[in-house]
Amino acid sequence: MSNPIACIRLKNPWHLLATGFGSGLSPVIPGTMGTLAAIPFYLALSYLSLSLYFFVIVCSSLVGLIICQKTADDMGVHDHGAIVWDEFVGFWITMVAVQYSGGSSIGDWHWILAGFVLFRFFDMVKPWPISWLDRHVKGGLGIMLDDIVAGVIAGICLFLLMFFYA
């Protein structure tokens, strides 16, 4: 099929989640749109304890392996730009730094913006080892893993920013 997006059916729960509730279907910068769509979910998750927040991230990552693989198979394209569940999880991982800090930082738009910019930077630029993972790990794991690592690196940077500037 010449247009993989034509294979997406938002009534299919795998497709709905993989496309970030349709945000990944944006014709421009779908990864960025997916990350933007992850922010309201982060705000809801921010009310959880740190341990429960981690639990949601682990579950979302594991389910993401299936979500992304099934959707990529249906589209016939590995890691198509419309698949943004990995951006959701990567952003949530980045924001662990804010969750860890606790207190008034949670929900502060400055730190949400900083986390957003840092995650998008590492997800788009893909410095090593993210670029290596992106090229060499395939399937649902490959789709998820580069964004998980981008989220970890962005989260470390965000934590350092918070440590020195908060």
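Go over the candidates Phe55, Phe121 one by one and state the one that is free of Cβ contacts under 8 Å to residues at least 60 places away in the same chain, in a helix (DSSP H, G or I), surrounded by fewer than 22 Cβ atoms within 10 Å (Cβ to Cβ) and touching a Leu at 6+ places or on another chain (Cβ under 9 Å).
Working: Phe121 fails: touching a Leu at 6+ places or on another chain (Cβ under 9 Å).
Checking each option against the conditions leaves just Phe55.
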*If you scan segment 10-32, which residues turn out to be under 18 Å from Asp146 (Cβ atoms) and part of a helix (DSSP H, G or I)?*
Ala18, Gly24, Pro30, Gly31, Thr32
*Could you list all residues from segment 149-166 that are surrounded by 20 or more Cβ atoms within 10 Å (Cβ to Cβ) and under 20 Å from Cys68 (Cα atoms)?*
Val149, Ala150, Gly151
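Provide a single number: the residues in segment 47-80 that are over 24 Å from Leu141 (Cβ atoms) and in contact with a Phe, Trp or Tyr (Cβ under 8 Å, 6 or more places away or on another chain).
Within segment 47-80, the subset over 24 Å from Leu141 (Cβ atoms) is 47-52.
Checking which are in contact with a Phe, Trp or Tyr (Cβ under 8 Å, 6 or more places away or on another chain) leaves us with 50.
The total comes to 1.
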*Residue list for segment 48-79, restricted to those being at pLDDT below 95 and within 18 Å of Met33 (Cα to Cα)*: Asp79
*Would you call Leu65 on the phi < 0 side of the Ramachandran plot and without any contact (Cβ under 8 Å) to a residue 40 or more places away in the chain?*
no
_Test of understanding: among Gly142, Gly115, which residue is in a helix (DSSP H, G or I), within 22 Å of Val58 (Cβ to Cβ) and in contact (Cβ under 8 Å) with a residue 60 or more places away in the chain?_
Gly142
*Answer yes or no: is there a residue in segment 9-24 that is among the β-branched types (Val, Ile, Thr), in contact (Cβ under 8 Å) with a residue 40 or more places away in the chain and under 16 Å from Asp123 (Cβ atoms).*
no
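Residues checked against (1) among the hydrophobic types (A, V, I, L, M, F, W, C); (2) under 29 Å from Met162 (Cα atoms):
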position	(1), (2)
Leu65	yes, no
Thr71	no, no
His80	no, no
Ile93	yes, yes
Gln99	no, yes
Gly102	no, yes
Pro129	no, yes
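The values are calculated or read from the model by the stated rules, or taken from the named source; none is laboratory data. Just so it is clear, the structure is predicted and the values come from calculations on it, not from any experiment. All Cβ positions, even for glycine, are placed from backbone atoms using ideal geometry, and neighbour counts span all protein chains on display.
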